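Input: a single structure, listed below in structure tokens.
The values are calculated or read from the model by the stated rules, or taken from the named source; none is laboratory data. Bear in mind that the values here come from a model prediction, so they are computed numbers and not experimental data. Cβ placement follows ideal geometry from the backbone for every residue including glycine, while neighbour counts extend to all protein chains displayed. Just the protein is used for accessible areas: all its heavy atoms, side chains included, with ligands, DNA and RNA removed. Shrake-Rupley method; radii C 1.70, N 1.55, O 1.52, S 1.80 Å.
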Amino acid sequence: MKNFFARLGKFLTGLRVWTVNIITLLILVYVVGGAIYLVRQLPEAVDPSGKVLILNPVGVIQDQEVISTEFAFSMFAVPEQTQIQSRDLIRLIRAAAADERLAGVLIDFGEAQFAGPSTALRIADELAALREAGKQVVAYSESLTSGSYLMAAQAQEIYLHPSGALAVNGVGGYRDYTRELTDKLNITIHNYSQGEYKSAVEGYTRTDMSEPDREQREALYRPIWNEMKSRMAQARGLEPELFQQLADNYSVPLIQEADYHGLDWALEEGIITGTKSFPELRSHMIATFGKAPDETQDTYPHIHWLDYANQMGPELDQAEDAVAVVFVQGAIVQGEQGPGVAGSDDIAPLIRRAHEDDATRAIVLRVNSPGGSIIGSDIIREELVAAKVKDIPVVVSMGDVAASGGVWVSTPADKIYAEPTAITGSIGVAVAFPTLENVFDYIGVNFDGVTTSKNAGWGPYKGVDEQLDAIFARWAGSAYDHFIELVANSRERDADYIRSIAGGRVWLAPDALERGLIDELGTMEDAIAHAAERAGLDDYRTHYVVQEVSPVFALLRQFSASVNDQVSVSYNVFATRMAKLLATLENISEPKATVLCSICMVELL
């Protein structure tokens, strides 16, 4: 028996050693294979002279790429949605506008998504400037939606595939109201939200939209849609009402192909230049720009935008003094950040790194968030306060949305800029949760136990009595009062005035400016320039303080994405993460008071 167990021990030891060795070998093969693969993929320098720049971004265009710390090094993992930094795209478009070597530009934003309307309008402005710089810009897509047509409209020529579709549907949408369902299931919904416009939990407490919510949505969506129609019409020399007619009578979100009647109407009205198949487009491009001399197939001379970007190189600025830019992008949570999630455990250290850097003379906080966790928002805010204690100017730049918790984190700012179509406000508190006492009573489940205090062990399986109701109401009310006080002190306004324009109502940037919630309409570039001015800087560099990624992590991440490049992932990261956040906030076992704006995520349909 002793001999048997000795042999068994040797066998298990050998098995363990072999297992570890095999795993180590696989990791080495993976890393070395990835390195070899990526080296082979390094682009060769391509001369852009006489070529057409093909600009066809695929992925979500947003302020800052955020890399998930939960990345799994698996050859079979589904890759994350591609993230394209708007500042990189803008820099490339501006470079193309000034590059006399380029013969023209072919754009296709059919597979691009935008973080919001402000981002889309900003890219459209850059494409318009590209055309005005004298570049011949041609747009071609298999189908176009509101966002991608806004880009295409900036071109001199717009072509669609003959079996494609033009689905310009505007903005807005519907939500579900489940009050009847919860009533039928004997589920009791307790709502302690503060502010009559705070509609984050309205879908669970009502059977239809409240009038305050309808009022604020009307005031939000219509100006954004009017601005989009105006930009489309101006670029094409048409009337904005024509695009309202298109959205009302010829566009349906589900129709993404074979919209022959709609394409005929759009061609008659001058909304598009025409339709072309891929061979017809190729012939048209050859006729316009000539034939590529060195290609084995008949095509026009071209260079892909990623190849063009790789040759641009990084922006080098040797100035000693810096304006640090930190991004709050996505729903604010207490924890780590990731795509679509602004985690306080990562963002606060980035702000600290910025204000502890001897080169930092000012900080710009770029906010693109509908808010979320109160404590997460406060952790970020506190680190900005620490920067101000050191007499470092803090300027906020609001992007597509900076509402509720996005306002909370902005309160330490010396000055607040907002994009003209930025969504802000929503100063209120959302808190609602269900209890199931009637459900358990109906099915015959009882609860009993021993506690040392009245509310110890309370959970949603029990009801809410008068004392507990008063505690919850006081809890939500004090959070709202604190929010009001933060904003009032920040804006140097009376608390009663802030309360009068709060109530959870959202405001478009021009309305927020009129009410004193922001200081000026402007871009992030404007905010950076003002921060430098406040710091007394004439010569400075912009330092984007972002997550640091190790070379090994970046290598494996890129290789893993490369081997999965045939996997199609079609979803909006921002919206998906928001849905996950809402699901978390609705966890019936843990009622939470949040500063979250659920209507602020405006998608371009």
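Numbers for the structure displayed
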read-out: Stretchable slack from Lys390 to Gln234, in nm (0.36 nm times residue separation minus alpha-carbon distance); value: 51.4 nm
read-out: Percent RCO, i.e. relative contact order, over the stretch 59-213, from Cα pairs under 8 Å lying at least 6 residues apart; value: 17 percent
read-out: For the chain, with +1 on Lys and Arg beta carbons and -1 on Asp and Glu, the positive-most of Gly195, Asn455, Pro212 along the dipole; value: Asn455
read-out: Cβ-based net charge around Leu53, under 11 Å, with every Lys or Arg adding one and every Asp or Glu removing one; value: +1
read-out: Helix-only mean residue ellipticity at 222 nm for the chain, each DSSP H run of n ≥ 4 adding -39500 (n - 2.57), per residue, nearest 500; value: -14000 deg cm²/dmol
read-out: Lysines with Cα under 28 Å of Lys592, excluding same-chain neighbours fewer than 8 positions away; value: Lys184, Lys198, Lys454, Lys462, Lys580
read-out: Contact order relative to length of the stretch 391-545, as percent, for alpha carbon pairs under 8 angstrom and 6 or more apart; value: 37 percent
read-out: Efficiency of FRET from Cβ geometry, Asp88 and Leu15, R₀ 35 Å, rounded to 0.05; value: 0.10
read-out: Other-chain or far-sequence residues with amide H under 5 Å of His302's (modelled H); value: Val52
read-out: Carbon + sulfur, % of accessible area of the stretch 458-554 - ligands and nucleic acids excluded, 1.4 Å; value: 47 percent
read-out: For the chain, size of Cβ-based charge dipole, Lys and Arg +1, Asp and Glu -1, in debye; value: 1820 debye
read-out: Mean Cβ neighbour count within 10 Å, used as a protection proxy, ranking 485-497, 241-253, 151-163 highest first; value: 151-163, 241-253, 485-497
read-out: Those lysines that a straight Cα-Cα span of less than 17 Å connects to Lys51, excepting residues fewer than 8 apart in one chain; value: Lys135, Lys291
read-out: Listed candidates (i) 243; (ii) 220; (iii) 181 - label of the one calculated as volume of the Cα convex hull per residue in Å³; value: (i)
read-out: Surface accessible to a 1.4 Å probe, per residue, for the residues of the stretch 196-239, Å²; value: 48 Å²
read-out: Helical segments meeting 24 Å axial Cα length and Kyte-Doolittle 1.0 threshold in the chain (DSSP H); value: 2-41
read-out: Partner aspartates and glutamates for Lys390 [C-alpha distance under 14 Å; skip if fewer than 8 residues away on the same chain]; value: Glu356, Asp357, Asp358, Glu382, Asp414
read-out: Nearest-0.05 FRET efficiency for Ala495 and Arg353, computed from C-beta distance (R0 22 Å); value: 0.05
read-out: Solvent-accessible area, 1.4 Å probe, carbon plus sulfur percent, for the stretch 232-362; value: 45 percent
read-out: Label-point separation, Asn226 to Asp125 (7 Å along Cα→Cβ), nm; value: 1.9 nm
read-out: Over the chain, relative contact order from alpha-carbon pairs under 8 Å, at least 6 apart, %; value: 20 percent
read-out: Shape box of the stretch 81-231 [Cα atoms, principal axes, largest first, Å]; value: 69, 36, 30
read-out: Residue order for Leu238, Leu121 - accessible surface, 1.4 angstrom probe, largest first; value: Leu238, Leu121
read-out: Accessible area (Å², 1.4 Å probe, nearest 10) - Tyr197; value: 30 Å²
read-out: Distant-in-sequence amide H partners of Ala403 (H built 1.01 Å from N, under 5 Å); value: Ser369, Gly371
